[in-house]
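Read the structure below first, then the notes.
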Amino acid sequence: MKLQEELGKRRTFAIISHPDAGKTTLTEKLLLYGGAIQVAGAVKSNKIRKSATSDFMDIERQRGISVTTAVMTFEYSNTLINLLDTPGHKDFAEDTYRTLTAVDSVILVIDSVKGVEIQTEKLMGVCRMRNTPVIIFINKMDLEGRDPFDLLDECEKKLNIKVQPLSFPINKGSEFKGVYNLYDKSLQLFSPEKQTVEKDRVEISDLSDSLLDELIDRDAPKLREDADLLHGVYPDFDVNGYLSGELAPVFFGSARNNFGVKELLDTFIRIAPTPRGRETDRRFVHPEEEKFTGFVFKVFANIDPKHRNRIAFVRIVSGKFERNQYIWHCRLKKEMKFAAPFAFMGSSKSVIEEAYPGDVIGLYDTGTFKIGDTLTEGEELQFRGIPSFSPELFKELINRDPMKSKQLDKGIQQLTDEGVAQLFYQNEGKKKIVGVVGDLQFDVIRHRLLNEYGAAAEFVPRDVYKALWITAEDKKKLEDFTRFKSQNVYTDKDEHLVYLAPSEWMLRNVKETNPEITFHTTSEFKTEKVEV
Ligand code: G4P
């Protein structure tokens, strides 16, 4: 019974957005509501400075901070909320993709002036792969943004999901008056000076009420017209559509002005899913199961250069985790025990005695964990859903100090375990190609290899358009392909075959001439095939 109760109390989610849409500001406002921070600005000051000025030293500084913000736990209205942090910088998008495997739902922030941006589309694509429920928050309504109907249309088209506004804005920019909550039929009036909890909620169940004219004056007829239109277009809100990832409820507000945030949070705790189970290579694991299971989705190595230890973050999927309990590390087939598992409650870190599904715990270890590792009480399982995606940029790793080749091998290996980059080994050659999402990552890797491992590395650009995981039903055909294309066939960290296509044209050509080979865009594939 205890497990059920604990499950019912928890919500584990992430906030995602294109950089600058307001993710940090919204995070901060939610933490203020949860009492996890006391002053505005506490989260913001931790943020990496904007792209023009951010360099790898910033990233290094950020790495230390990231450990403490990897998961922010707070209580709100008898609910235990685990908010998982995602990096704001687009060069580290892959880290965000992995974090999304550890949450049960997301809040997607969109800038009302800019609409749906490229990073938002990519992140939404990852959510769709796992049918993650999404709530959309259209932010910056205090600015002269786009028409709300246009924004809703754009969300539906570009994000490829049905949307349903649960609140609707009254005017915008300097004329922004507030929002009408279509769900509980109330009016929330906006005043830019008030940075406090919104108390000015007025119930107006019938929009023909003259009180509406008193409150919003000239904007009343337009709201009536908009509400009529919305009623015609959108049916009643179907929470199951949201929970199955087919329908995204939409809220309008302004994170900076703390407007619409409480409403968002109140709805979130009401409708967001409790911790969900996960698929493994053998069976589906349900959160209510008595026995503990979990997986590693984030690893930080060498935070303290004096101690070569790592911190692995584990999302608990089922059962109860206990301090000092024997845990089975499925990949290494090894029993382990943790004396000081920790969690962050509010802003303080503490050793925990127990944890439940939906929780994220930090474990210290000396190099045994890789992203994607599964932990159980003995059962052999491997959680699915932590795929690698094709990196965007590829460079060859060159050793500049032959005396330090061992250090370089170890360093690059460990950084890859941490998920900083992807490493591809040439199948029949010596080349090592490192793939990343953004150029900044190459600087970070070079810097870390030198500082943490004493290895001098250089990166030389290579013509690689995309990495594609290859399979074939006929083993012989795959062997032939691997031999003929030996210059371009590599293996990844799990020894899966990967074709590094030199160009888009070549990829098309190779696909046409080798129809028996299947090319996949991610390292985990059930249904997905590449479209080029
Ligand atoms: P991010 O994490 O998604 O990258 O975005 P972040 O919260 O850092 O917000 C980006 C900028 O947008 C910040 O301005 C922030 O203050 C502003 N912002 C966030 N919400 C709103 C809103 O509702 N209305 C308006 N008008 N602006 C908003 P900045 O100038 O970069 O930083 P700061 O000087 O305000 O700290």
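The values are calculated or read from the model by the stated rules, or taken from the named source; none is laboratory data. These numbers were taken from a predicted model, which means no experiment stands behind them. All Cβ positions, glycine included, derive from the backbone under ideal geometry; neighbour counts span all protein chains shown.
Remarks
- Annotation: of all residues in the stretch 1-36 being assigned to a loop (DSSP other than H, G, I, E, B) and either within 11 Å of the ligand (Cβ to nearest atom) or within 22 Å of the chain's Cα centre (by Cα) (or both), the one that is modelled with the lowest pLDDT is ALA36.
- If you go through the stretch 388-416 and keep only what is buried (at least 22 other Cβ atoms within 10 Å of the Cβ) and assigned to a helix (DSSP H, G or I), you end up with LEU408, GLY411, ILE412, LEU415.
- Of GLY385, GLY372, GLY367, GLY358, all but one fail to be assigned to a loop (DSSP other than H, G, I, E, B) and at pLDDT 95 or above; the exception is GLY358.
- Some residue of the stretch 499-515 being exposed (fewer than 15 other Cβ atoms within 10 Å of the Cβ), under 17 Å from LYS395 (Cβ atoms) and among the aliphatic types (A, V, I, L, M): no
- Checked against the criterion of being in the same structural domain as SER523 (by TED's automatic domain parsing) and under 24 Å from the mean Cα position of the chain (by Cα), the candidates GLY429, GLY438 yield just one match: GLY438.
- The single condition among (1) modelled with pLDDT of 95 or more; (2) within 30 Å of GLY35 (Cα to Cα); (3) within 16 Å of the ligand (Cβ to nearest atom) that PRO249 does not satisfy is (3).
- Check on ILE412, touching a strand residue (DSSP E or B) at 6+ places or on another chain (Cβ under 8 Å), over 29 Å from ILE517 (Cα atoms) and in contact (Cβ under 8 Å) with a residue 40 or more places away in the chain: yes
- Answer from ALA455, ALA467 - the residue that is touching a Gly at 6+ places or on another chain (Cβ under 8 Å), closer than 19 Å to LEU408 by Cβ and in the same structural domain as PRO402 (by TED's automatic domain parsing): ALA455
- Search result, residues across the stretch 447-465 that are in contact with a Phe, Trp or Tyr (Cβ under 7 Å, 6 or more places away or on another chain) and either surrounded by fewer than 19 Cβ atoms within 10 Å (Cβ to Cβ) or part of a helix (DSSP H, G or I) (or both): HIS447, ARG462
- Just one of (1) within 16 Å of the ligand (Cβ to nearest atom); (2) assigned to a loop (DSSP other than H, G, I, E, B) fails for ILE107. It is (2).
- Whichever residue in the stretch 271-314 is of a type in the set (S, T, N, Q) and modelled with pLDDT under 95 and, among such residues, is surrounded by the fewest Cβ atoms within 10 Å (Cβ to Cβ): ASN309
- Counting residues in the stretch 271-278 that are part of a helix (DSSP H, G or I), touching a residue at least 24 places away in the same chain (Cβ under 8 Å) and within 21 Å of ARG384 (Cβ to Cβ) gives zero.
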